[in-house]
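Please read through the structure below; I'll follow up with questions.
Taken together, the values in this text are just the output of simple stated rules run on the coordinates, not laboratory data. The model shown is predicted, which means the values in this text are computed figures rather than measured ones. Note: ideal-geometry Cβ built from the backbone for every residue, glycine included; neighbour counts use all protein chains shown.
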Amino acid sequence: MEENRILHDFIDMAIQSGGWMLLDRVYLTNRIISIVGEVKEVTVSDEEKPLTSKELIEELLKMAIGNNRVSQTDTKALEVLSSELRDLLTPPPSVVNALFSQYYENSEKEATDYFHLMNVTNGYINETVITKEEMIINKSQFIVKVCPEQVEVDQTEVCDYCFASEGYGVFNNRNKRIIRMNVKGESWGFSYSATPNVKEQCLFMPEEHSPFVFNRQLQETMLNLVDIYPHYFVTYNPKVTSSLPHGYLYGGEASTPLIEAENDFMFDIPGFVTIEASLVEWPVSVIRLKTSVKKNLINAMEYLTLKWQQYSYPSLDIIAKDENGENLHSVTPIFRKDGDAYVAELVLNDDSSEFSRMLEYENLLLNKNNKVDILGVLNLKETKMTTEEVIEVVTTNFEKQQIFKKTPEGQQAFVRFIDTL
Ligand SMILES: [Zn+2]
């Protein structure tokens, strides 16, 4: 019997994933038939370029619908079948981890390239972007993506950050794989985000199911992670993560517009001679620290955070504490490497409504909770507004969020802050 083209290509892809051998062809054919039913011949001309895994799965699902295995309108059942097919493109965790280590011996990037491609091929990463372009926002280049609104199909009863989520259930987590790592004696996992907001968005989670304590140890872990993945940045979303029972960090390719933004001007922090400090040319207030010694970076960051928590400039509504004495000022670090040097981009936060996001701007965002906009990547919903109108809203918003504004008084307030160091 001549093998059906779709089936043939899908099995090729399964074998390429590393989970099967040539000997498994018959077995795989039978597995697929058991999922989709009778396989019908489809006419595909030889000149057509090979179908992607997503297209092959769509064709196989069409066969399942044709064979009355599933109804076209039953999205949940279709998702279950799709996960079952995608499971055949996903090697077991031990194999994925072994291949990852094997590639890692050549280079860190080869390892993440392998793992990322596996997650794209098996559909665990589902990135649909309607349009993507670069826009200038307050003189800085931003990546602006318009994405369809996400439909949550997967309702897991398992913690998404626990290793127990690997392969769990009948939906997308079935095809989730986690790379195991030892980070200075602690067990951590690494996986990709199923719905990435930045390029190669990944998650780093400790094996232990417990809330994060935002302390020096966590910062040390973050710097150890950039040693393991020197081409990725590592950060966290303080608002989201602090409310979770299981803390996690996230990262992605260290190439976001904020990372590539120029230094506006350099300054010294007395007592920290090895540190290169600068204000970043960016729509919100960001200080960049660079040094070749991890410990110095953390010390300088702690010192700067403390000073920021004490700093007020009332005539510009920059106030360190609210009426109850609670800190309004905090710092969110983004760690990465630049050659052998360690770099921290420190986003200065002021929680007063004076510097909060505008509602009109938040309504444009695909997900209000994520803060990747600060990194220079905007994930927007579809809107009837014109590009000019969108830029206008985004620009006005960032002007509001900017703590040290680009006005003579704003610049003076920043110089005053530097003088307190
Ligand atoms: Zn957990």
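Select from Leu225, Leu22, Leu78 the residue whose mean-square fluctuation is largest in a Gaussian network model of the chain (Cα-Cα springs shorter than 10 Å).
Leu22
Still on this structure: Once Lys and Arg get +1 and Asp and Glu get -1 on their Cβ, which of Ile6, Asn106, Thr386 lies farthest toward the positive end of the dipole of the chain?
Checked the options; the winner is Asn106.
Let me ask another. For Lys321, list the aspartates and glutamates whose Cα falls under 14 Å from its own Cα; do not include residues on the same chain fewer than 8 positions away.
The qualifying aspartates and glutamates are Asp350, Asp351, Glu354.
On to the next question. Of Pro257, Tyr342, Asn215, which is farthest on the positive side of the dipole of the chain, counting Cα position, with +1 on Lys and Arg Cβ, -1 on Asp and Glu Cβ, and the Cα centre as origin?
The one lying farthest along the dipole's positive direction is Asn215.
On to the next question. Which entries in the list Lys109/Lys184; Lys145/Lys184; Lys176/Lys290; Lys132/Lys307 go over 31 Å, if you measure between the two C-alpha atoms of each?
Checking Cα-Cα distances, Lys145/Lys184; Lys176/Lys290; Lys132/Lys307 exceed 31 Å.
Further question: Going by how many other Cβ atoms sit within 10 Å of their own, how do Ser243, Ser285 line up, fewest first?
In increasing order of surrounding Cβ atoms, one gets Ser243, Ser285.
What dipole magnitude, in Debye to the nearest 20, does the stretch 5-89 give about its Cα centre under +1 on Lys/Arg Cβ and -1 on Asp/Glu Cβ?
Roughly 240 debye, rounded to the nearest 20.
Could you list Arg69, Arg288 in order of exposure, starting from the residue whose Cβ has the fewest other Cβ atoms within 10 Å?
Arg69, Arg288
Oh, and also: In debye, nearest 20, what is the charge dipole magnitude of the stretch 107-243 about its Cα centre with +1 on Lys and Arg Cβ and -1 on Asp and Glu Cβ, if you could check?
Charge dipole of the stretch 107-243: 240 debye, to the nearest 20.
Say a paramagnetic label sat at a point 7 Å from the Cα of Ser187, along Cα to Cβ; which residues of the stretch 80-102 have their backbone N under 15 Å from it?
Under 15 Å, as judged by backbone N against the label point of Ser187, lie 94 of the stretch 80-102.
If you fit an axis through the alpha-carbon atoms of helix 294-310 and take the longest principal axis of the Cα set of the chain, what angle between them do you get, 0 to 90°, nearest 10?
Here the helix axis deviates by roughly 60 degrees.
Most exposed first by the Cβ proxy, i.e. fewest other Cβ within 10 Å, how do Val146, Val213 rank?
If I rank by nearby Cβ atoms, fewest first, I get Val213, Val146.
Could you compute the net charge surrounding Ser53? Neighbours are other residues with a C-beta less than 13 Å from the C-beta of Ser53; K and R count +1, D and E count -1.
The answer is -4.
Turning to a different aspect of this structure: If you take the charge dipole of the chain about its Cα centre, with +1 on Lys and Arg Cβ and -1 on Asp and Glu Cβ, which of Gln402, Ile178, Tyr192 is farthest toward its positive end?
Going by the Cα projections, it comes out as Ile178.
Further question on the same structure: With θ taken as phi - 60° and the coefficients 6.51, -1.76 and 1.60, list the Karplus ³J(HN,Hα) couplings across the stretch 351-358 in order, rounded to whole Hz; mark glycine and proline as x.
7, 6, 4, 3, 10, 7, 5, 7
On to the next question. Residues of the stretch 107-128 with backbone nitrogen within less than 20 Å of a virtual label 7 Å along the Cα-to-Cβ line of Asp24, please, listed as ranges.
114-125
Calculate the dipole size of the chain relative to its Cα centre from +1 charges on Lys and Arg beta carbons and -1 charges on Asp and Glu beta carbons; express the result in debye to the nearest 20.
The calculated dipole for the chain is roughly 680 debye.
With a 4.7 Å Cβ cut-off, tell me which Cys residues in the chain come up empty for a partner.
Lacking a cysteine Cβ partner under 4.7 Å: Cys147, Cys202.
Quick check: the angle from helix 216-228's long axis to the longest principal axis of the chain, C-alpha only, nearest 10 degrees?
Helix 216-228 sits roughly 50 degrees off the main axis of the chain.
Quick one: of the DSSP bridges fully inside the chain, what percent are antiparallel, nearest 5?
Bridges in the chain that DSSP calls antiparallel: roughly 95 percent.
In the neighborhood of Tyr103, defined by Cβ-to-Cβ distances under 11 Å, what is the net charge if each Lys or Arg adds +1 and each Asp or Glu adds -1?
My count for the surroundings of Tyr103 gives -3.
Amide H to amide H, which residues 5 or more places from Val293 or on other chains are under 5 Å from it, using H placed in the peptide plane?
Under 5 Å from the amide H of Val293: Tyr342.
May I pose another question? Need the list of aspartates and glutamates near Lys295 for cross-linking: C-alpha distance under 13 angstrom, and skip anything on the same chain fewer than eight residues off.
Cross-link targets: Glu220.
Under 10 Å, Cα contacts only: if you run a Gaussian network model on the chain, which one of Val273, Val39, Val95 comes out with the highest mean-square fluctuation?
Checking each option, the largest mean-square fluctuation is seen for Val273.
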